[in-house]
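Participant: The structure is given below, and queries will be raised subsequently.
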């Protein structure tokens, strides 16, 4: 019976050593750095909007989107611990694939909507439809 017990402990230890090869699960220091960066990356856009720093709202929106993208990266690195080493690089590959897919879908959708609006027949515009209705 003692042989069986020793064998099970050996396999449990083997599993434990195998787990240590995975990516770092973070330390208090990395969580604090991530939290401080997140607060800063939230406070700056808040100040930009409340202080009306930019005259055009479109400029403010673009700057806020830039801060949002940076904050996504901060969350992935400091809280989700994604890097090129985690899961043998598959996490990063999946992230890159997702980003490429989202960019293709969003840019394609915007391109189609712009061209649908730009290439509408003159008689199909809402203003002319209203004028045609009044003429009858």
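Participant: Under a point spin-label approximation (7 Å from Cα along Cα-to-Cβ), what is the residue 120-residue 73 distance to one decimal in nm?
Facilitator: 3.9 nm
Participant: Taking 0.36 nm per residue of sequence separation and subtracting the Cα-Cα distance, how much length would be gained by fully extending the chain between residue 42 and residue 99, in nm to one decimal?
Facilitator: So the chain would gain 18.3 nm between residue 42 and residue 99.
Participant: Tell me, in nm to one decimal, what length is gained between residue 107 and residue 27 on full extension, where the rule is 0.36 nm per residue of separation less the Cα-Cα distance?
Facilitator: 25.0 nm
Bear in mind that the values in this text are calculations on the coordinates, not laboratory data. What you see is a predicted model; the values in this text were computed from it and never measured. In this analysis, Cβ positions are derived from the backbone assuming ideal geometry, glycine residues included, and neighbour counts consider all displayed protein chains.
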